[in-house]
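The values are calculated or read from the model by the stated rules, or taken from the named source; none is laboratory data. Source: prediction; values computed, not measured. As a convention, Cβ positions derive from the backbone with ideal geometry for all residues, glycine included, and neighbour counts pool all protein chains shown.
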Amino acid sequence: MKNFNLHLQKTAVLLLCCFGLSLSAFAQNTGSITGSVTGQNGDKLIGVNIILRGTDGGTVTDTDGNFTLQNLAPRTYTLDVSYIGYESLTRKVTVTDRQPTRVDLRLSNAATSLSEIYVKGAALKAENSTITVDVVTIDQIRQLNPDQPLRLVEQVAGVDLTAFRQGGVADQFSIRGFGGGGHGGEAGVEADGISLNEAEGHSDGYADLNVLIPLNLQKLKVYKGPSSVLFGRFAQGGTLALETRKGGEYQEASISGGAFNTLNAQYVFGKPIAVGKNGKTIDSNLAFQLFQTDGYSENSEVLRGTVNGRLAYNLTDKTDIAVSMRGHRSNWNAAGYISEAQFNDPERRDLQDPDGENDGGEKSFYSQRIDLNHTFTPNLRLLLFGYAVQQDFTRFAKFGFSPGGQSERFNNREVYSAGGSLNGSKRLGNIGVDWLAGAEYYSEATDRFRWASSDRVRGDLQQDRTFTVQSFSAYAQGELAVSRFFRPSLGLRYDVFNGNFTVRDPGTEVTRNDMNDLSHVSPKLGVRSTLAPGFDLRASASNGFSLPNSTVKYDSDLPLDPIQLWQYEVGASYNYRTWLTLDVAGFLINSSQEVVENPPGSAILINAGSTRRQGIESTISVTPSENLKFTGTYSYIETEIVDNPDASLEGKGLTGVPSTIATFSTDYVSAIGLGGRFSLRDVGSYFAAVDNSASYGGYTLADLMLFYQFDGETENAGRIFIEIRNLFDEEYSETVFALGDTLAFAPAPLRNISVGVNYRF
C-alpha cells in the first residue's frame with residue numbers, strides 16, 4: 001500500500017503539471033459579445049459551452065444562463081455552442097470596434113438518429129460513459145502501421161503485450177492485472193460482434209487476433225475490467241472490441257518489408273455499387289492481407305493470408321441487411337522457448353534450444369455473419385444478427401529444455417450464434433435517456449485430439465475429447481442525462497451456461513459429464529458529472545464473473561458457482577480545446593477465486609485463490625500545433641493473493657503482471673510533409689514464478705519512424721516511411737516465466753529496419 005500511495009502522489013503531481021499547461025493568455029481587444037442561452041422551453045441553461053471557432057477563446061453560461069466574451073478584435077466570429085442533451089448550434093456574430101454585440105440563443109432538445117448504428121452498444125454516448133473505455137482510431141492505426149492487430153493495445157494505458165513469438169500462436173496481453181488475455185481467457189475479444197474467444201479450444205478463452213487485417217480496422221475499443229453489460233464470461237480484465245470499415249468509398253494499400261525477409265501487404269476497398277434504376281446501391285467492402293517473415297530466431301518462419309468482405313443493402317428506407325465473410329489461413333514454424341543461460345549468450349540468443357523439436361503449426365479460420373436492422377423511429381433501432389465460425393487448428397508444442405516432450409494438438413471448432421438488441425434514445429422532460437436491451441444465444445462444439453510427437457512426427461494418441469457449450473445472455477443498460485452534474489448509468493446482465501464433456505482417451509472408459517446449469521447476474525452501476533467545461537468525474541461499481549478454467553465445470557456432482565469479481569473505479573478527464581486531453585483512473589478489483597495458467601499457454605493450471613488488484617492509469621495528449629503532438633501514458637498496479645489453500649502463497653503477487661508501464665511518443669510533420677514519430681515504452685518488473693521466487697526486470701524499448709507525407713502533393717494521400725524498431729538495440733524478451741529451476745525466454749529482435757508506403761487512391 002505504501003508503494004501504491006507513492007505512485008498515487010507521483011501521478012497527482014503529474015496531473016497538476018498537466019493542468020498548468022492549460023493556462024493561456026489572450027490579447028486585449030476592443031469588442032465584446034454578450035448574450036444568453038435557453039432551452040426550447042425557455043428554461044435557462046447553466047454551464048453551456050461557447051467556443052470561438054479558430055481561437056483559444058470561449059466561456060460558459062452562468063447560473064442565469066448569461067455569458068460574456070470580451071476583448072475581441074473587430075471582425076466576424078463563429079460561435080460553436082454545445083450542451084449535453086441538446087442539439088449543437090453554430091452562429092455567426094459580427095463584432096464592431098468598442099461596441100458590445102448582443103446575441104440570444106435557444107437550443108433544441110437532441111433528437112439523435114440511430115439509423116447508422118451497426119454494432120451493439122454504439123447507441124450509448126461516450127460523453128455519458130461512467131466506465132473507462134480507451135479508443136484507438138483509424139488515424140492512429142495508419143500512423144502505427146502494425147503487422148499484427150494486437151500491437152495496438154500498446155497504445156492503451158495499463159495494457160501490456162506478452163508476445164510469445166511462436167508464429168501463428170495467439171499472443172497474450174494483460175489488462176488491469178489479468179494476464180491471460182488472448183491466450184488464457186482473462187479478457188474478451190470481439191470483432192464486429194463475433195466472439196474470437198474459444199470456449200474449449202487450444203485454451204479456455206484463447207483468442208487469436210491474427211485473423212484480422214490491421215488496415216481494415218475502423219477502431220479498437222478497450223473496455224477496462226468487467227464493467228460493460230455487453231460482455232460476459234471472459235471479460236475479467238476487460239474486453240477488446242474491434243470494428244472493421246463499413247460503407248464509404250475508398251481505396252487504400254499498404255506495403256512494407258525489411259528485416260528477416262518480412263513482407264506485409266494490405267489492401268482495402270470500399271465502394272457503393274448501383275443496382276437497378278431506382279438509385280439504390282449496395283455498399284461493398286473488401287480487404288486482404290498477405291504476411292510472411294523468416295523471423296528473428298532460427299526456425300520461426302510465418303506465412304498467413306486473410307480476406308474479409310462485406311455487402312450491405314437498404315431493403316427499405318428503414319430496413320437494411322448486410323452479409324460479411326472472413327477467411328484466414330496460416331502456416332508457421334516456431335523455435336520454442338530458450339533457457340536463461342542461452343538468452344544471456346549473444347551468440348546463441350537467436351537459436352533454437354539444443355533439445356528443441358521444431359514446433360509450429362497451421363490454422364484455417366472462416367466466419368460468416370448476417371445483420372438485419374430496422375429503424376422504427378429516428379430514436380429507436382433494432383439490430384438482429386446471426387453468425388457462424390469454422391476453425392481447424394494444429395499446433396506442435398513443447399514446454400521444457402530436456403529431450404522429448406513435444407505434443408501435436410489438433411482442435412476442430414464450430415460456432416453458431418444469434419441475437420439482437422433494441423437501441424433507444426429519447427427525452428423525458430429535460431432528462432435525456434439513452435438505453436439498450438439485448439439477448440444472445442451461443443453454441444460451440446470442439447473436437448480435441450492430442451498425440452505424442454517428436455520433431456513433428458506423430459506418435460501415440462493421448463487425447464480424444466469433445467466439448468459442447470451453450471449459453472444464453474440477456475443485458476440492458478440505461479444512461480440518464482439528468483443534468484451536466486448528474487448522469488447516472490444502470491445496467492444488468494444475465495448469463496446461463498450448459499454443455500457436456502465426452503472423453504474417449506485410449507485405454508480409458510468412455511465417459512460423459514453434463515454441466516450443471518451455471519448462471520450469474522451481473523449488476524453495473526455508475527455516475528458521471530461535468531464540473532466545468534471539459535472537466536468530468538466518473539465513478540462506477542461493476543460485477544463480473546468467470547467459469548472455472550478447467551474441465552471441472554462439467555462435473556455435475558460438484559457444487560460449482562461462477563467466480564465472482566467486483567471492480568470499483570473512480571476517474572477524471574479534462575479536455576481543453578483541441579490541444580490538451582488528460583485522463584486518470586484508479587481501480588480496485590477483488591476476485592472470489594481464481595485459477596491461472598502457468599506456464600502461459602501450457603494448459604497447466606494453478607489455484608491462485610482469492611485475489612486483489614489495485615492501481616492507477618493515466619493518459620495525456622498535448623497538441624501545441626497542428627504539426628506537433630506529444631502523448632504519454634503511465635500505469636501502476638499492485639496484485640495480491642489474499643486467500644489460498646496453500647498458505648505460503650498468501651500475500652504473494654500474481655505472475656506476469658508488470659508493476660509499472662509507461663509510454664511516451666512524439667509525432668511531428670512539417671508543412672512540406674517531412675515528419676517523424678519517436679516512441680518509448682518502459683515495462684517494469686514482474687514476478688515470473690507463482691511463489692515470487694523469480695522475477696524479470698522488464699525492459700525499455702524505443703522505436704523511430706521517419707516519413708514523407710504527400711497529402712498535398714498529389715491528387716491522393718499517402719506516405720513513404722522508414723521504421724527503425726528497437727532503436728537502441730535493447731536485449732529483451734516480452735515473455736519470461738519460470739520453468740522448473742530456470743526461466744524461459746522468447747527473445748525479441750534486436751535493432752531492425754523496415755521501409756514501406758501507404759497510399760490512398
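Can you pull out the strands (runs of 3 or more DSSP E) entirely within the stretch 246-305 that have at least 1 residues that are buried (at least 17 other Cβ atoms within 10 Å of the Cβ), in contact (Cβ under 8 Å) with a residue 24 or more places away in the chain and hydrophobic (A, V, I, L, M, F, W, C)?
It comes to 262-275, 280-293.
Return a yes/no flag: does the stretch 230-242 have any residue that is touching a strand residue (DSSP E or B) at 6+ places or on another chain (Cβ under 8 Å) and more than 24 Å from Ser591 (Cα to Cα).
Scanning the stretch 230-242, I find at least one residue that is touching a strand residue (DSSP E or B) at 6+ places or on another chain (Cβ under 8 Å) and more than 24 Å from Ser591 (Cα to Cα), so the answer is yes.
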Residues in the stretch 653-686 that are more than 23 Å from Gln155 (Cα to Cα) and assigned to a strand (DSSP E or B): how many?
1
The stretch 371-387 residues that are among the hydroxyl-bearing types (Ser, Thr, Tyr), paired with ones that are not in a strand (DSSP E or B) (beta carbon under 7 Å, 6 or more apart):
Thr375/Leu114; Thr375/Ser115; Thr375/Lys318
Report, by residue number, each residue of the stretch 124-156 that is within 25 Å of Arg677 (Cβ to Cβ) and not in a helix (DSSP H, G or I).
Val133, Asp134, Val135, Val136, Thr137, Asn145, Pro146, Asp147, Gln148, Val156
If we scan the stretch 735-742, do we find a residue that is surrounded by 15 or more Cβ atoms within 10 Å (Cβ to Cβ) and outside any strand (DSSP E or B)?
no
Being in contact (Cβ under 8 Å) with a residue 60 or more places away in the chain and of a type outside the set (A, V, I, L, M) is the filter here; which residues of the stretch 454-482 pass it?
Ser454, Asp455, Arg456, Phe467, Ser471, Ser473, Tyr475, Gln477, Glu479
Check the stretch 538-549 and report whether any residue there is closer than 30 Å to Phe664 by Cα and among the basic types (Lys, Arg).
yes
Here are some residues: Phe630, Phe710, Phe721, Phe728. Which one is surrounded by fewer than 19 Cβ atoms within 10 Å (Cβ to Cβ), among the aromatic types (Phe, Trp, Tyr) and closer than 21 Å to Asn752 by Cβ?
Phe728
Could you give every pair whose Cβ atoms fall below 8 Å, whose first residue belongs to the stretch 679-697 and is free of Cβ contacts under 8 Å to residues at least 12 places away in the same chain, and whose second residue is in a strand (DSSP E or B), counting only separations of at least 6 or pairs across chains?
Ser695/Tyr686; Ser695/Phe687
Would you check if Glu190 is within 30 Å of Tyr759 (Cα to Cα), assigned to a helix (DSSP H, G or I) and charged (D, E, K, R)?
no
Got a number for residues in the stretch 118-169 being closer than 30 Å to Leu382 by Cα, of a type in the set (Asp, Glu) and modelled with pLDDT of 90 or more?
1
Say whether the condition of being at pLDDT 85 or above, farther than 20 Å from Thr530 by Cβ and outside the structural domain of Arg165 (by TED's automatic domain parsing) is met by at least one residue in the stretch 570-579.
no
Looking only at the stretch 401-423, how many residues end up being surrounded by 15 or more Cβ atoms within 10 Å (Cβ to Cβ), on the phi < 0 side of the Ramachandran plot, over 25 Å from the mean Cα position of the chain (by Cα) and not charged (D, E, K, R)?
6
Consider only pairs whose beta carbons are under 8 Å apart and that are at least six residues apart or on different chains; among these, list those whose first residue lies in the stretch 213-230 and is part of a helix (DSSP H, G or I) and whose second residue is acidic (Asp, Glu).
Pro214/Asp147; Leu215/Glu252
